[in-house]
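The values are calculated or read from the model by the stated rules, or taken from the named source; none is laboratory data. Predicted model only: the values in this text are computed from it and were never measured. With ideal geometry, Cβ positions are generated from the backbone for all residues, glycine too; neighbour counts draw on all protein chains shown. Note: areas computed on protein heavy atoms with side chains; ligands, DNA, RNA excluded. Shrake-Rupley method; radii C 1.70, N 1.55, O 1.52, S 1.80 Å.
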Amino acid sequence: MTLLNVLQFPDSKLRKKADPVSVVDDSVRKIVDDMFETMYHQGGVGLAAIQVNIQKRIIVMDVSENHSAPLCVINPEIISREGIQHEAEGCLSFPGVYETVERAAKIRLKALDRQGETFEMDAEGILAICIQHEMDHLQGILFVDHLSRLKQERAQKKLQKLKRRELT
Ligand code: NI
(Lines give C-alpha, C1' and ligand atoms only; values in the text may rest on other atoms or scores of the structure.)
Protein backbone atom coordinates (compact mmCIF):
# COMPACT_ATOMS: atom_id res chain seq x y z
CA MET A 1 0.00 0.00 0.00
CA THR A 2 1.03 3.57 -0.57
CA LEU A 3 0.58 6.71 1.49
CA LEU A 4 -1.01 9.40 -0.66
CA ASN A 5 -0.44 13.15 -0.48
CA VAL A 6 -3.47 14.95 0.98
CA LEU A 7 -4.14 18.31 -0.72
CA GLN A 8 -4.27 21.26 1.66
CA PHE A 9 -6.58 24.26 1.48
CA PRO A 10 -6.49 26.54 -0.56
CA ASP A 11 -5.29 24.12 -3.29
CA SER A 12 -7.61 24.72 -6.27
CA LYS A 13 -7.67 20.96 -6.99
CA LEU A 14 -9.93 20.61 -3.92
CA ARG A 15 -12.54 22.46 -6.02
CA LYS A 16 -12.63 19.84 -8.77
CA LYS A 17 -15.67 17.59 -9.16
CA ALA A 18 -15.42 13.81 -9.03
CA ASP A 19 -16.70 11.51 -11.79
CA PRO A 20 -18.66 8.34 -11.08
CA VAL A 21 -16.69 5.08 -11.04
CA SER A 22 -17.83 3.01 -14.04
CA VAL A 23 -16.36 -0.35 -12.98
CA VAL A 24 -15.16 -1.33 -9.51
CA ASP A 25 -12.02 -3.26 -10.45
CA ASP A 26 -8.64 -3.96 -8.85
CA SER A 27 -7.34 -0.49 -9.73
CA VAL A 28 -10.26 1.06 -7.81
CA ARG A 29 -9.68 -1.33 -4.87
CA LYS A 30 -6.00 -0.28 -4.83
CA ILE A 31 -7.10 3.37 -4.56
CA VAL A 32 -9.48 2.40 -1.72
CA ASP A 33 -6.70 0.56 0.16
CA ASP A 34 -4.27 3.46 -0.27
CA MET A 35 -6.93 5.93 0.88
CA PHE A 36 -7.61 3.88 4.04
CA GLU A 37 -3.91 3.70 4.82
CA THR A 38 -3.52 7.45 4.28
CA MET A 39 -6.60 8.30 6.39
CA TYR A 40 -5.49 6.09 9.30
CA HIS A 41 -1.92 7.38 9.07
CA GLN A 42 -3.17 10.98 9.34
CA GLY A 43 -5.62 10.21 12.14
CA GLY A 44 -8.71 11.17 10.11
CA VAL A 45 -12.22 9.67 10.19
CA GLY A 46 -12.95 10.25 6.51
CA LEU A 47 -11.20 10.90 3.21
CA ALA A 48 -12.59 11.65 -0.25
CA ALA A 49 -10.63 10.76 -3.40
CA ILE A 50 -10.70 14.43 -4.46
CA GLN A 51 -8.47 15.18 -1.44
CA VAL A 52 -5.75 12.92 -2.83
CA ASN A 53 -6.13 14.40 -6.34
CA ILE A 54 -8.16 11.50 -7.75
CA GLN A 55 -11.36 12.77 -9.38
CA LYS A 56 -13.51 9.71 -8.69
CA ARG A 57 -16.57 9.29 -6.49
CA ILE A 58 -14.81 7.23 -3.82
CA ILE A 59 -14.92 7.83 -0.04
CA VAL A 60 -13.38 5.92 2.87
CA MET A 61 -14.44 6.44 6.48
CA ASP A 62 -13.99 4.96 9.93
CA VAL A 63 -15.62 6.77 12.85
CA SER A 64 -14.67 4.11 15.42
CA GLU A 65 -11.96 4.75 18.02
CA ASN A 66 -9.88 1.68 17.15
CA HIS A 67 -10.05 1.39 13.34
CA SER A 68 -12.69 -1.33 13.65
CA ALA A 69 -15.39 0.07 11.34
CA PRO A 70 -13.86 0.73 7.91
CA LEU A 71 -16.51 1.84 5.44
CA CYS A 72 -15.88 2.39 1.74
CA VAL A 73 -18.58 3.97 -0.41
CA ILE A 74 -18.35 4.35 -4.17
CA ASN A 75 -20.75 6.51 -6.24
CA PRO A 76 -22.71 7.45 -3.08
CA GLU A 77 -26.17 9.02 -3.26
CA ILE A 78 -28.18 10.31 -0.32
CA ILE A 79 -31.72 9.09 -0.91
CA SER A 80 -33.35 10.64 2.15
CA ARG A 81 -32.49 13.03 4.95
CA GLU A 82 -34.20 13.89 8.17
CA GLY A 83 -33.69 16.43 10.97
CA ILE A 84 -30.80 18.76 11.69
CA GLN A 85 -27.64 18.46 13.82
CA HIS A 86 -24.81 20.86 14.59
CA GLU A 87 -21.37 19.49 15.43
CA ALA A 88 -17.78 20.70 15.16
CA GLU A 89 -16.05 19.23 12.11
CA GLY A 90 -12.44 19.00 11.08
CA CYS A 91 -10.88 18.07 7.76
CA LEU A 92 -7.52 16.58 6.74
CA SER A 93 -7.26 19.38 4.17
CA PHE A 94 -7.55 21.96 7.03
CA PRO A 95 -5.36 20.59 9.81
CA GLY A 96 -6.08 22.21 13.17
CA VAL A 97 -9.33 23.93 12.11
CA TYR A 98 -12.62 22.85 13.74
CA GLU A 99 -15.92 24.61 13.06
CA THR A 100 -19.56 23.79 13.69
CA VAL A 101 -21.58 22.99 10.57
CA GLU A 102 -25.29 22.29 10.13
CA ARG A 103 -26.03 18.84 8.69
CA ALA A 104 -28.96 16.46 8.38
CA ALA A 105 -29.33 14.36 11.53
CA LYS A 106 -30.23 11.11 9.74
CA ILE A 107 -29.63 10.02 6.19
CA ARG A 108 -30.20 7.00 4.02
CA LEU A 109 -27.38 6.28 1.61
CA LYS A 110 -27.16 4.21 -1.56
CA ALA A 111 -23.72 3.30 -2.88
CA LEU A 112 -21.47 0.58 -4.28
CA ASP A 113 -19.16 -1.36 -1.96
CA ARG A 114 -15.58 -2.40 -2.75
CA GLN A 115 -16.88 -5.43 -4.65
CA GLY A 116 -19.07 -3.20 -6.83
CA GLU A 117 -22.29 -4.41 -5.19
CA THR A 118 -25.07 -1.89 -4.54
CA PHE A 119 -26.09 -1.44 -0.92
CA GLU A 120 -28.20 0.92 1.15
CA MET A 121 -27.59 1.98 4.72
CA ASP A 122 -28.97 4.34 7.36
CA ALA A 123 -26.62 6.62 9.25
CA GLU A 124 -26.99 9.10 12.07
CA GLY A 125 -24.75 11.04 14.45
CA ILE A 126 -21.08 11.36 13.57
CA LEU A 127 -21.27 8.83 10.73
CA ALA A 128 -24.06 10.85 9.04
CA ILE A 129 -21.95 14.00 9.43
CA CYS A 130 -18.89 12.27 8.02
CA ILE A 131 -20.79 10.98 4.96
CA GLN A 132 -22.24 14.44 4.23
CA HIS A 133 -18.83 16.13 4.72
CA GLU A 134 -17.05 13.66 2.41
CA MET A 135 -19.81 13.78 -0.23
CA ASP A 136 -19.39 17.56 -0.34
CA HIS A 137 -15.71 17.02 -1.26
CA LEU A 138 -16.83 15.03 -4.30
CA GLN A 139 -18.59 18.22 -5.53
CA GLY A 140 -15.65 20.49 -4.75
CA ILE A 141 -17.43 21.82 -1.64
CA LEU A 142 -15.47 22.34 1.59
CA PHE A 143 -16.89 22.42 5.12
CA VAL A 144 -15.92 26.07 5.54
CA ASP A 145 -18.23 26.92 2.62
CA HIS A 146 -21.13 26.26 5.00
CA LEU A 147 -19.92 28.88 7.49
CA SER A 148 -20.71 32.59 7.72
CA ARG A 149 -18.11 34.88 6.16
CA LEU A 150 -16.91 35.91 9.63
CA LYS A 151 -16.30 32.30 10.63
CA GLN A 152 -14.64 31.58 7.26
CA GLU A 153 -12.18 34.39 7.89
CA ARG A 154 -11.55 33.11 11.41
CA ALA A 155 -10.83 29.62 10.05
CA GLN A 156 -8.42 30.97 7.42
CA LYS A 157 -6.56 33.04 10.02
CA LYS A 158 -6.26 30.00 12.25
CA LEU A 159 -4.88 27.99 9.35
CA GLN A 160 -2.32 30.68 8.45
CA LYS A 161 -1.22 30.91 12.07
CA LEU A 162 -0.73 27.14 12.25
CA LYS A 163 1.22 27.16 8.98
CA ARG A 164 3.51 29.95 10.22
CA ARG A 165 4.17 27.94 13.36
CA GLU A 166 5.14 24.94 11.22
CA LEU A 167 7.70 27.04 9.32
CA THR A 168 9.45 28.40 12.38
NI1 NI B 1 -12.75 17.05 4.64
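Quick notes
- Computed over segment 12-167: relative contact order in percent, which uses C-alpha pairs under 8 Å that are six or more apart: 24 percent
- In this calculation the C-beta distance from Thr118 to Leu3 is compared with R0 = 25 Å, giving a FRET efficiency of 0.25.
- Of Ala69, Ala104, Gln160, farthest towards positive along the dipole that unit charges on Lys, Arg, Asp, Glu beta carbons give the chain: Gln160
- Per residue, the chain exposes an accessible area of 55 Å² to a 1.4 Å probe, with every protein chain left in place.
- Leading residue at positive end of dipole, the chain (Cβ point charges), from Val144, Leu3, Ser22: Val144
- Length gained on full extension, Lys106 to Leu150: 13.0 nm, using 0.36 nm per residue less the C-alpha separation.
- Measuring r between the beta carbons of Val23 and Glu77 and using R0 = 25 Å, the FRET efficiency lands at 0.90.
- Estimated FRET transfer efficiency when R0 is 41 angstrom, pair Ile126-Glu166 (beta carbons, to 0.05): 0.90
- Exposed loop positions in the chain were taken to be GluC sites (Glu not before Pro) whose DSSP state is not H, G, I, E or B and which have at most 13 other beta-carbon atoms within 10 angstrom. Between these positions, the longest stretch is 1-64.
- For segment 72-168, applying the loop criterion from DSSP together with a ceiling of 16 other beta carbons within 10 Å to the chymotrypsin sites (Phe, Trp or Tyr not before Pro) yields Tyr98.
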